[in-house]
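Engineer: Questions regarding the structure given below will be posed in turn.
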Amino acid sequence: MTSGHDGLTDADRTHMRRALSLARRGWGRVHPNPMVGCVIVRDQEVVGEGWHREWGGPHAEVMALAEAGAAARGATAFVSLEPCRHMGKTGACTAALQEAGIRRVVFGAADPGRESGGGARELRSAGVEVLGPVLTPREGRRENPAFFHTDQVRPWTALKLAVSLDGGIAAAEGERTTVSGPEVGRRVQELRAGFDAIMVGARTARVDDPLLTVRGLVEPRVPPRRVVLDGRGTLEIGARLLSEGDGVVQLVTTEAAEPRWARRMEDAGARVLTVEGSDGRVEPAAALRALRSDGVEALLCEGGGVVASALLSLGLVDRLYLAVAPHFLGPDAVPAFPRVEGGGRWEMAGDPEALGRDVWLTLDREG
Ligand code: AOF
Ligand code: ZN
């Protein structure tokens with residue numbers, strides 16, 4: 001066993017990776033709580049595993065301790081997040097770990113919460129050996145970006161785009177093009193489950209007529225809202241999302257839209273938010289502000305190109321999910337990033353993944 005500069009052995013690192021992957025099972029179910037995983041190891045043997053499964057439900061440590069039972073005495077707990085020390089919807093994990101006789105705790109990210117944070121200090125002063133945070137702040141944020149996004153002005157914002165090798169999102173203006181394969185479609189369904197809202201531009205809403213619902217393996221605890229940026233009020237009453245699917249429909253528009261249109265949409269069950277805009281175009285930052293103050297903490301934008309490049313140019317995108325398809329769309333294609341000035345620099349937030357014939361990339365904005 002080698003011990004790195006962070007004091008972790010190879011075995012420790014393996015257990016922490018496992019805790020992180022258990023945590024991810026909470027996707028769609030625990031938001032806006034963080035996803036947390038825990039592994040309990042005694043004499044090099046895993047005796048308990050757990051993760052935070054459901055918002056308001058038992059924390060990861062409690063689940064893992066229940067599985068470990070008496071074997072937890074003298075054991076090490078690997079937790080992806082600093083154990084909480086507060087009495088929240090459930091008891092404090094610091095107390096649960098001590099009662100179970102855990103001797104050592106290795107944790108991933110520090111808990112920034114005012115009440116929940118500080119568990120490490122508490123455990124240390126109670127004589128438990130504590131190692132952590134063992135993830136860099138960047139690594140910690142990557143796992144639970146919305147939880148660590150403290151900005152009250154706009155949501156943590158992700159942009160998903162399916163692009164061709166030559167950077168196109170559709171074969172031609174106004175055309176619906178299938179760019180990526182069914183595996184990407186399934187991934188997007190899973191992805192949607194972890195967001196408060198899914199957003200597209202009016203043009204995409206018209207051309208693709210999407211439902212913007214979650215229809216994958218992960219059933220979201222709360223069906224995300226379905227948001228259309230529609231500055232001029234062009235969505236028609238026949239749009240599928242108005243009559244089909246779960247999730248509040250929220251239309252973000254400007255003064256340029258006809259009041260009659262807004263009334264029609266509201267009669268069809270949609271909510272209409274009017275924000276600043278220019279030339280009949282919603283001001284993206286204003287839309288994001290309005291959504292944030294209306295309770296959206298994590299927002300997934302799925303295009304199209306105009307909205308995507310506006311968000312990117314304005315530095316409003318925190319994460320990019322790119323599905324790159326192995327073909328060219330040619331010179332008439334609608335570019336994914338028409339004019340991105342000051343679009344920032346991006347870094348990989350995980351390994352590229354092969355999804356069918358496509359490549360799935362997750363990138364976080366640097367800085
Ligand atoms: C842990 N283990 O598995 C989780 C933690 O509302 P509550 O009572 O469920 O508390 C939520 C807060 O607790 C959350 O904001 C975060 O600070 C921490 N989450 N802590 O020790 C867990 N999910
Ligand atoms: Zn806890």
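The values are calculated or read from the model by the stated rules, or taken from the named source; none is laboratory data. Please read all numbers here as calculations on a predicted model, not as lab measurements. We place every Cβ from the backbone using ideal geometry, glycine too, and count neighbours over all the protein chains shown. SASA here: full protein model, heavy atoms, side chains in, ligands and nucleic acids out. Shrake-Rupley method; radii C 1.70, N 1.55, O 1.52, S 1.80 Å.
Engineer: Within the stretch 298-309, can one find any residue that is open to solvent by less than 10 Å² (accessible area, probe 1.4 Å), within 21 Å of residue 142 (Cβ to Cβ), touching a Gly at 6+ places or on another chain (Cβ under 9 Å) and in a loop (DSSP other than H, G, I, E, B)?
Structural biologist: no
Engineer: Looking only at the stretch 226-242, count how many residues are part of a loop (DSSP other than H, G, I, E, B) and open to solvent by 80 Å² or more (accessible area, probe 1.4 Å).
Structural biologist: Of the stretch 226-242, the ones part of a loop (DSSP other than H, G, I, E, B) are 230-239.
Pick out the ones that are also open to solvent by 80 Å² or more (accessible area, probe 1.4 Å) and you get 232, 236-237.
Count: 3.
Engineer: Then there is this: Tell me whether the stretch 85-104 contains one or more residues that are touching a strand residue (DSSP E or B) at 6+ places or on another chain (Cβ under 8 Å) and away from ligand 1 (no atom under 13 Å from the Cβ).
Structural biologist: Yes: one or more hits.
Engineer: Is it the case that residue 240 is free of Cβ contacts under 8 Å to residues at least 60 places away in the same chain, under 15 Å from residue 208 (Cβ atoms), in contact with a helix residue (DSSP H, G or I) (Cβ under 6 Å, 6 or more places away or on another chain) and of a type outside the set (Gly, Ala, Ser)?
Structural biologist: Against the criterion (free of Cβ contacts under 8 Å to residues at least 60 places away in the same chain, under 15 Å from residue 208 (Cβ atoms), in contact with a helix residue (DSSP H, G or I) (Cβ under 6 Å, 6 or more places away or on another chain) and of a type outside the set (Gly, Ala, Ser)), residue 240 does not qualify.
Engineer: Please identify the pairs in which a residue from the stretch 7-22 that is closer than 16 Å to residue 63 by Cβ has its Cβ atom under 7 Å from the Cβ atom of a residue that is open to solvent by less than 20 Å² (accessible area, probe 1.4 Å) and of a type in the set (Phe, Trp, Tyr), counting only partners at least 6 apart or on another chain.
Structural biologist: Cβ pairs passing all conditions: 15/78; 19/78.
Every residue, every condition in (1) of a type in the set (A, V, I, L, M, F, W, C); (2) within 20 Å of the chain's Cα centre (by Cα); (3) on the phi > 0 side of the Ramachandran plot, yes or no:
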residue: 54; (1), (2), (3): no, yes, no
residue: 75; (1), (2), (3): yes, no, no
residue: 89; (1), (2), (3): no, no, no
residue: 96; (1), (2), (3): yes, no, no
residue: 101; (1), (2), (3): no, no, yes
residue: 131; (1), (2), (3): yes, no, no
residue: 136; (1), (2), (3): no, yes, no
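Engineer: If I go through the stretch 37-78 residue by residue, how many of them are open to solvent by 10 Å² or more (accessible area, probe 1.4 Å) and under 30 Å from residue 216 (Cβ atoms)?
Structural biologist: 14
Engineer: Does the stretch 329-356 hold any residues that are over 22 Å from residue 304 (Cβ atoms), open to solvent by 60 Å² or more (accessible area, probe 1.4 Å) and either of a type in the set (A, V, I, L, M) or at pLDDT below 90 (or both), and which are they?
Structural biologist: Listed by number, the residues that qualify are 345, 348, 354.
Engineer: State which residue is nearest to the chain's Cα centre (by Cα) when the search covers only the stretch 181-225 and only residues that are in a strand (DSSP E or B) and within 19 Å of residue 362 (Cβ to Cβ).
Structural biologist: Filtering the stretch 181-225 for residues in a strand (DSSP E or B) gives 197-201, 225.
Keeping just the survivors that are within 19 Å of residue 362 (Cβ to Cβ) gives 198-199.
Working: 198: 11, 199: 14 Å.
Result: 198.
Engineer: To continue, here is another question. Is it the case, given these coordinates, that residue 38 is touching a Gly at 6+ places or on another chain (Cβ under 6 Å) and either of a type in the set (Val, Ile, Thr) or in contact (Cβ under 8 Å) with a residue 40 or more places away in the chain (or both)?
Structural biologist: Numbers: touching a Gly at 6+ places or on another chain (Cβ under 6 Å): yes; either of a type in the set (Val, Ile, Thr) or in contact (Cβ under 8 Å) with a residue 40 or more places away in the chain (or both): yes.
So residue 38 fits the description; yes.
Engineer: Pick out the one residue from 245, 185, 216, 132 that is without any contact (Cβ under 8 Å) to a residue 12 or more places away in the chain and open to solvent by 20 Å² or more (accessible area, probe 1.4 Å).
Structural biologist: That would be 185, the only listed residue that is without any contact (Cβ under 8 Å) to a residue 12 or more places away in the chain and open to solvent by 20 Å² or more (accessible area, probe 1.4 Å).
Engineer: Among what's in the stretch 59-84 and is assigned to a loop (DSSP other than H, G, I, E, B) and over 18 Å from residue 144 (Cβ atoms), pick the residue that is nearest to ligand 1 (Cβ to nearest atom).
Structural biologist: 75
Engineer: Oh, and also: Kindly evaluate residue 266 against the criterion of being more than 20 Å from the chain's Cα centre (by Cα), surrounded by fewer than 16 Cβ atoms within 10 Å (Cβ to Cβ) and assigned to a loop (DSSP other than H, G, I, E, B).
Structural biologist: Answer is no for this residue.
Engineer: Collect the residues in the stretch 188-206 that are polar (S, T, N, Q) and touching a Lys or Arg at 6+ places or on another chain (Cβ under 8 Å), keeping them in residue-number order.
Structural biologist: 189
Engineer: Yes or no: residue 141 open to solvent by 40 Å² or more (accessible area, probe 1.4 Å), touching a His at 6+ places or on another chain (Cβ under 9 Å) and closer than 21 Å to residue 18 by Cβ? Explain how you work it out, then say what you get.
Structural biologist: Details: open to solvent by 40 Å² or more (accessible area, probe 1.4 Å): yes; touching a His at 6+ places or on another chain (Cβ under 9 Å): yes; closer than 21 Å to residue 18 by Cβ: yes.
Yes, satisfied.
Engineer: For the stretch 3-36, give me each residue that is in contact with a helix residue (DSSP H, G or I) (Cβ under 9 Å, 6 or more places away or on another chain), outside any loop (DSSP other than H, G, I, E, B) and open to solvent by 30 Å² or more (accessible area, probe 1.4 Å).
Structural biologist: Passing the criteria: 3, 24.
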